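Here the structure is laid out as structure tokens; the discussion comes afterwards.
The values are calculated or read from the model by the stated rules, or taken from the named source; none is laboratory data. Values in this document were obtained by computation on a predicted structure and should not be read as measured data. As a convention, Cβ positions derive from the backbone with ideal geometry for all residues, glycine included, and neighbour counts pool all protein chains shown. Ligands, DNA and RNA are excluded from the accessible area calculation, which covers all protein heavy atoms including side chains. Shrake-Rupley method; radii C 1.70, N 1.55, O 1.52, S 1.80 Å.
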Amino acid sequence: MIKNAVFYFSGTGNSLSIAKDIAKEMENCEIISMGSSKNYDLQAGYETIGFVYPTYYRGEPQKVREFISNLNLKNNQNTYYYAITTCGKYDGNALVHIKHLLKRKDIDLTYGKKIVMFSNYVVAYDMRETIEEETKQSQKDLIQIIQSIKNREINKLSITEPLQEIAYRVLIKFAHNMDKHYNVSDDCIGCGICKKVCPVGNV
């Protein structure tokens, strides 16, 4: 039986949406959260394994790095591996980092792409008036990316960008405490969606 897996990490829903759309197009595909702190051992036999996550400070979320570092992939050495990072504009070294993490496991990241999406982190950014145009473009880009994954395409990722790396290493340290003083107004309707999608159970 053909098996595929998509590991995702999503703070506000963009990356989860991408992971779901990819899974719909892949036969017998599991969707697995990278928000878990447990070690995850995959059985043998996966044709494709993907990682979908947002770009944080021109790199990947620390939780993604920790999860992949602890992920046991020894039974799937010859699998097609891909990574998709969502971002507002720049992805920095978010794909290169994953390539290096997998290389430590003697695995090659076969395909990696960024997908530009509108920013929905309303704590720091205003929702732009171009949101509809950006959404249409990201959906169009995703169609091509999914087709590339289906065709098992290979692309060469760029090397680490030093200035981006410095910015990432400095700024990512602040991410853990950014939600410490977060609160909501009476506009909150108590729907519970934020609690459901929070990848680390903070809400």
Can you pull out the residues in segment 135-166 that are open to solvent by less than 100 Å² (accessible area, probe 1.4 Å), assigned to a helix (DSSP H, G or I) and not aliphatic (A, V, I, L, M)?
-> 135, 137, 138, 141, 147, 148, 150, 162, 164, 165
Answer yes or no as to whether residue 104 is among the charged types (D, E, K, R), open to solvent by 10 Å² or more (accessible area, probe 1.4 Å) and modelled with pLDDT of 90 or more.
-> yes
Segment 22-38: number of residues that are open to solvent by 10 Å² or more (accessible area, probe 1.4 Å) and either of a type in the set (A, V, I, L, M, F, W, C) or in contact with a Leu (Cβ under 6 Å, 6 or more places away or on another chain) (or both) | 5
Just one of the numbered conditions (1) out of contact with any strand residue (DSSP E or B) (no Cβ under 6 Å at 6 or more places or on another chain); (2) within 22 Å of residue 160 (Cβ to Cβ); (3) not acidic (Asp, Glu) is not true of residue 54; which one?
-> (1)
Could you figure out which of (1) touching a Lys or Arg at 6+ places or on another chain (Cβ under 7 Å); (2) modelled with pLDDT of 90 or more; (3) not hydrophobic (A, V, I, L, M, F, W, C) isn't true of residue 99?
-> (1)
Among (1) in contact (Cβ under 8 Å) with a residue 60 or more places away in the chain; (2) within 19 Å of residue 152 (Cβ to Cβ), where does residue 15 come up short?
-> (2)
Please tell me if residue 47 is surrounded by fewer than 24 Cβ atoms within 10 Å (Cβ to Cβ) and acidic (Asp, Glu).
-> yes
Got at least one residue in segment 115-133 being within 27 Å of residue 42 (Cβ to Cβ), open to solvent by 20 Å² or more (accessible area, probe 1.4 Å) and without any contact (Cβ under 8 Å) to a residue 40 or more places away in the chain?
-> no
Residue count, segment 1-28, condition of a type outside the set (Ser, Thr, Tyr) and in a loop (DSSP other than H, G, I, E, B), comes to 8
Index of the failed condition, residue 41 passing every other in (1) over 13 Å from the mean Cα position of the chain (by Cα); (2) surrounded by 16 or more Cβ atoms within 10 Å (Cβ to Cβ) = (2)
